[in-house]
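K.L.:
My questions will all concern the structure given below.
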Amino acid sequence: MKQQSLDELIDESQFRQLGDDFSIPVLPLGISKPNLVIQSPTVSEILGIPPSVCSTQPFLDIFSGNASLQNSTPAAQAYAGHQFGKFNPFLGDGRTLLLGDAGIQKDHWEISLKGAGKTPFTFASDGRAGLTECQHEYDISERLAVLGVPTTRCLCIIKGSEQVYRSRFESVSILTRVTPSHIRFGTFERYYFKKDIKALKILTDFAIRQYFPHCRGNNTDDNNDYGQFFQEVVIKTAQLIAHWQQVGFVHGMMNTDNQSILGVSFDLGESTFTEDFNDNFVASLSDRKGRYAFGQQPAIGLWNCNVLARALSPLIKPADLRRALTKYEPTFINFQIP
């Protein structure tokens, strides 16, 4: 059997096809003398990448940002979000690039590079990642996966010869992340803030078509489809956070730009676990007032859903938004680990 190349396994991101108002093409900035630190056989299998491919130079080149795929255009996604309760319209992927889609059979996965250099959303940051933070995110995602908690996964970490300063000097690194979708609550907030209802509708239609096809009715009432979609997001969010609480996971940075519409643990850089299930435990040094403490996560999840409800309000009737939000509490309370 002919060995497939990565160019044949990874295609253009379907999200990228929405256009430049949703993501901006950016070439990754590679790293010198790349060296594979760790690679997940489980994630490789999920993506349909054979082990023999993972040991090749093209694998190392592509996931170190030093080579491009023929079939995809790397891009930085645009979004807004509420950070510590305050709205910030000027967000987006500051150091992450959506590389493309991969998968087997009907399952599609988005692949992204974290630490691949500056983007239009980087601002004052250097767009890079250090080895310690990449290893932390890799380890946390693996632990969540073992516990059965829906989470982004990591394909590999590759470090280079350059150094970055992150409280100390360490090797510059690129983390390859894998998740069904990088769409977050803050993606919808961006277009609500801009009063761009057309773009908001395009985004919501895409999300329903790609991830919630069962929400598409047989009638012409789009509003009903959108309401069902929002209800599904509320339910998935409640289930995810209930799962977090049952295993002692603390996300640390539950801004709406870090909340996945698919109920998947997302953006894990500040996260950890509280072994004694301490409600006051805070994972991030930035959270000086304990907004995202372990015991606050259920309430913040509902707060974030209310923010998403406002962002979707041009598409969904108020009664349908309220009805969907009432699903959060009973779903959370009745959740049992599968």
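The values are calculated or read from the model by the stated rules, or taken from the named source; none is laboratory data. This one's a predicted model, so the numbers in the text were calculated from it and none came from an experiment. Here the Cβ is made from the backbone with ideal geometry for all residues, glycine too, and neighbour counts use every protein chain on show.
K.L.:
Just the residues that are of a type in the set (D, E, K, R) and outside any helix (DSSP H, G or I), please, taken from the stretch 316-332.
P.N.:
Answer for the stretch 316-332, where residues must be of a type in the set (D, E, K, R) and outside any helix (DSSP H, G or I): K317, K327.
K.L.:
Of the conditions (1) surrounded by 14 or more Cβ atoms within 10 Å (Cβ to Cβ); (2) without any contact (Cβ under 8 Å) to a residue 12 or more places away in the chain, Q17 satisfies every one except a single condition; which number is it?
P.N.:
(1)
K.L.:
For K198, are the conditions met, namely being basic (K, R), in contact (Cβ under 8 Å) with a residue 24 or more places away in the chain and not assigned by TED's automatic domain parsing to the domain that holds L36?
P.N.:
no
K.L.:
Give the residue, chosen from A129, A76, A145, that is under 22 Å from M254 (Cα atoms), within 14 Å of the chain's Cα centre (by Cα) and either of a type outside the set (D, E, K, R) or surrounded by fewer than 23 Cβ atoms within 10 Å (Cβ to Cβ) (or both).
P.N.:
A76
K.L.:
Which residues, counting only those in the stretch 276-317, are exposed (fewer than 13 other Cβ atoms within 10 Å of the Cβ) and either touching a strand residue (DSSP E or B) at 6+ places or on another chain (Cβ under 8 Å) or at pLDDT below 95 (or both)?
P.N.:
The answer is L285, R288, K289.
K.L.:
What are the residues in the stretch 159-211 that are part of a strand (DSSP E or B), polar (S, T, N, Q) and over 15 Å from L262 (Cα atoms), if any?
P.N.:
S161, Q163, S171, S173, T176
K.L.:
Do the conditions hold for T237, that is, is it within 24 Å of I140 (Cβ to Cβ), in contact with a Cys (Cβ under 7 Å, 6 or more places away or on another chain) and among the polar types (S, T, N, Q)?
P.N.:
So T237 passes the test.
K.L.:
Another question, if that's okay. Quick one: is D279 among the acidic types (D, E), part of a loop (DSSP other than H, G, I, E, B) and either in contact (Cβ under 8 Å) with a residue 12 or more places away in the chain or touching a His at 6+ places or on another chain (Cβ under 7 Å) (or both)?
P.N.:
Yes: the conditions hold for D279.
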